[in-house]
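What follows is a short report on a single structure.
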Amino acid sequence: MDTLFSIAFEHLPNPTLIIAGDRQVSFANKAAITTFGAIIGKDLALTFRHPNILNAVDKTLASRSTETGELSIPGPLAQVFELHTISIFETPASQCVLLSLEDKTKVARSEEMRADFVANASHELRSPLSAILGFIETLQGPASDDEQARTRFLGIMGREAERMNRLIGDLLHLSRVEMDEHVRPKGHVDISNTIQNVFDLLETRATSKSMELKLVGSDQPSSIKGDSDQLNQVFRNLIENAVHYGYPDTAVEVTIEQNNTPPNGLKNGISVHIKDYSNGIEKQHIPRLTERFYRIDSARTRRENNAPISTGLGLAIVKHIINRHRGRLKIESEIGVGSTFSIFLPKE
């Protein structure tokens with residue numbers, strides 16, 4: 001390819017490829033390699049197993065037409081692209097196709113999340129809002145002169161309002177996390193330091209239950225590529241849950257391991273295991289724990305006096321943050337013994 005064109009294509013923000021007449025990728029710019037990996041020299045069908053993109057390239061090669069379409073790449077983090085093809089470098093002996101892909105994932109996610117937000121928020125806010133309206137009506141009517149009832153009702157209304165406030169905050173946070181889920185973080189995070197900071201924040205709550213916070217493996221290198229604030233939230237959520245649900249006079253044990261290979265084959269990474277000694281979780285609930293608003297109706301959901309009101313969104317946020325870091329979450333539990341939440345994070 002001409003050097004001038006090569007430089008120009010290389011710096012385009014959208015993934016851009018040049019496909020030869022035999023459907024081999026002869027050029028891919030930096031954005032394409034970052035998104036799809038090492039694809040130069042490979043057959044297009046091996047990289048994009050999607051009929052829309054293959055049909056568009058074939059039509060352009062056959063008739064020199066300009067094609068457009070949409071490409072959806074399935075997976076744990078599905079991506080949506082708008083594709084454009086055009087015939088270039090036409091000679092009597094050869095023909096190539098310029099393929100440009102515009103990432104529409106954020107737009108698609110935004111539309112989906114807007115619909116989900118309205119549906120979920122409407123459902124979850126209806127109960128506390130109805131309760132508050134009912135108590136207001138009672139205080140304005142039959143209980144207007146009842147000091148004891150007023151005090152009790154105002155306390156309940158305060159708790160319901162707190163629940164709504166936390167719910168709205170978590171919904172907005174979850175939406176932001178999902179919006180950026182397909183964008184890989186660029187910072188660096190020391191996992192050991194992050195967990196120790198969470199320990200410092202939760203020390204008072206653990207002490208109130210005579211619980212010990214233990215960190216094993218803090219002497220090992222634990223720096224990974226990641227978003228510091230998001231990973232801090234992941235560990236705070238999981239360790240806070242372990243303190244909340246754990247039996248008094250027990251320990252929350254957090255173990256950092258190097259080069260552990262989880263079931264999905266993730267290598268050269270770090271695994272963190274957060275173990276509590278609690279009532280445990282029944283097996284039928286485990287696959288659904290990271291669903292939005294999923295709650296277990298058992299002793300595990302008991303609420304301590306000073307504990308924050310659960311919105312049912314904490315583990316959903318954890319799941320999406322871990323997905324953004326290309327990691328995995330594994331949950332194991334035994335009734336009457338306790339639970340272990342394991343996070344696997346790649347170094348690169």
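The values are calculated or read from the model by the stated rules, or taken from the named source; none is laboratory data. The shown structure was predicted, so the numbers you read here are calculated from the model rather than taken from an experiment. With ideal geometry, Cβ positions are generated from the backbone for all residues, glycine too; neighbour counts draw on all protein chains shown. These area figures cover heavy atoms from the full protein model, side chains too; ligands, DNA and RNA do not enter into them. Shrake-Rupley method; radii C 1.70, N 1.55, O 1.52, S 1.80 Å.
Search region 224-243 for residues being touching a residue at least 24 places away in the same chain (Cβ under 8 Å) and open to solvent by 60 Å² or more (accessible area, probe 1.4 Å), and hand back the single one that is nearest to residue 339 (Cα to Cα). Step through it out loud before you land on a result.
The first filter runs over region 224-243 and keeps only residues touching a residue at least 24 places away in the same chain (Cβ under 8 Å), leaving 224-228, 230-243.
Remaining after also requiring open to solvent by 60 Å² or more (accessible area, probe 1.4 Å): 225, 228, 236.
Numbers: 225: 27, 228: 25, 236: 16 Å.
Of everything passing the filter in region 224-243, 236 is nearest to residue 339 (Cα to Cα).
Quick one: how many residues across region 211-226 are among the hydrophobic types (A, V, I, L, M, F, W, C) and closer than 21 Å to residue 325 by Cα?
Step one: list which residues in region 211-226 are among the hydrophobic types (A, V, I, L, M, F, W, C), which gives 211, 213, 215-216, 224.
Remaining after also requiring closer than 21 Å to residue 325 by Cα: 224.
Total meeting the criteria: 1.
Regarding residue 207, is this residue touching a Gly at 6+ places or on another chain (Cβ under 6 Å) and either under 17 Å from residue 277 (Cβ atoms) or surrounded by fewer than 15 Cβ atoms within 10 Å (Cβ to Cβ) (or both)? Please lay out each step first, then the result.
Values: touching a Gly at 6+ places or on another chain (Cβ under 6 Å): no; either under 17 Å from residue 277 (Cβ atoms) or surrounded by fewer than 15 Cβ atoms within 10 Å (Cβ to Cβ) (or both): yes.
No.
In region 51-72, how many are surrounded by 18 or more Cβ atoms within 10 Å (Cβ to Cβ) and within 25 Å of the chain's Cα centre (by Cα)? Working first, answer last.
Of the residues in region 51-72, the ones surrounded by 18 or more Cβ atoms within 10 Å (Cβ to Cβ) are 53, 56-57, 60-61, 67, 71.
Next, only the ones that are within 25 Å of the chain's Cα centre (by Cα) stay: 71.
Residues that pass the stated criteria total 1.
If you scan region 18-39, which residues turn out to be touching an Asp or Glu at 6+ places or on another chain (Cβ under 7 Å) and open to solvent by less than 50 Å² (accessible area, probe 1.4 Å)? It would help to see each step written out before you state the result.
In the first step, residues of region 18-39 are kept if they are touching an Asp or Glu at 6+ places or on another chain (Cβ under 7 Å); the result is 23-24, 29-30.
29, the sole residue that qualifies.
Residues 153, 199: which one is of a type in the set (Phe, Trp, Tyr), more than 20 Å from residue 327 (Cα to Cα), under 27 Å from the mean Cα position of the chain (by Cα) and modelled with pLDDT of 85 or more? Give the steps one after another, and end with the answer.
On the way: 153 fails: under 27 Å from the mean Cα position of the chain (by Cα).
Result: 199 is the single residue among 153, 199 that is of a type in the set (Phe, Trp, Tyr), more than 20 Å from residue 327 (Cα to Cα), under 27 Å from the mean Cα position of the chain (by Cα) and modelled with pLDDT of 85 or more.
Go through region 147-198 and give me each residue that's assigned to a loop (DSSP other than H, G, I, E, B) and open to solvent by 50 Å² or more (accessible area, probe 1.4 Å). Break it down stepwise before answering.
Filtering region 147-198 for residues assigned to a loop (DSSP other than H, G, I, E, B) gives 180-187.
180, 183, 184, 186, listed by residue number.
Would you be able to tell me the number of residues in region 273-311 that are of a type in the set (A, V, I, L, M), assigned to a loop (DSSP other than H, G, I, E, B) and modelled with pLDDT under 55?
Of all residues in region 273-311, those of a type in the set (A, V, I, L, M) come to 274, 281, 286, 289, 296, 299, 307, 309.
So of that shortlist, the ones also assigned to a loop (DSSP other than H, G, I, E, B) come out as 281, 289, 296, 307, 309.
Next, only the ones that are modelled with pLDDT under 55 stay: 307.
Residues that pass the stated criteria total 1.
Being polar (S, T, N, Q) and in contact (Cβ under 8 Å) with a residue 24 or more places away in the chain is the filter here, so list the residues in region 146-167 that pass it.
Selection gives nothing.
Assuming residue 221 fulfils every condition listed in (1) at pLDDT below 85; (2) closer than 14 Å to residue 343 by Cβ apart from one, which condition is it?
Of (1) at pLDDT below 85; (2) closer than 14 Å to residue 343 by Cβ, only one is false for residue 221: (2).
Quick check on region 250-257. Is at least one of its residues out of contact with any strand residue (DSSP E or B) (no Cβ under 6 Å at 6 or more places or on another chain), charged (D, E, K, R) and either at pLDDT below 90 or on the phi < 0 side of the Ramachandran plot (or both)?
Let us first name the residues in region 250-257 that are out of contact with any strand residue (DSSP E or B) (no Cβ under 6 Å at 6 or more places or on another chain), namely 250.
Next cut, charged (D, E, K, R) only: none.
No, region 250-257 has no match at all.
Residue 52 is checked against (1) in contact with a Leu (Cβ under 9 Å, 6 or more places away or on another chain); (2) under 16 Å from residue 94 (Cβ atoms) and fails just one. What number does that condition carry?
Of (1) in contact with a Leu (Cβ under 9 Å, 6 or more places away or on another chain); (2) under 16 Å from residue 94 (Cβ atoms), only one is false for residue 52: (2).
What number goes with the only condition from (1) under 29 Å from the mean Cα position of the chain (by Cα); (2) on the phi < 0 side of the Ramachandran plot; (3) modelled with pLDDT under 85; (4) open to solvent by 30 Å² or more (accessible area, probe 1.4 Å) that residue 75 does not pass?
Tallying (1) under 29 Å from the mean Cα position of the chain (by Cα); (2) on the phi < 0 side of the Ramachandran plot; (3) modelled with pLDDT under 85; (4) open to solvent by 30 Å² or more (accessible area, probe 1.4 Å), residue 75 fails exactly one: (2).
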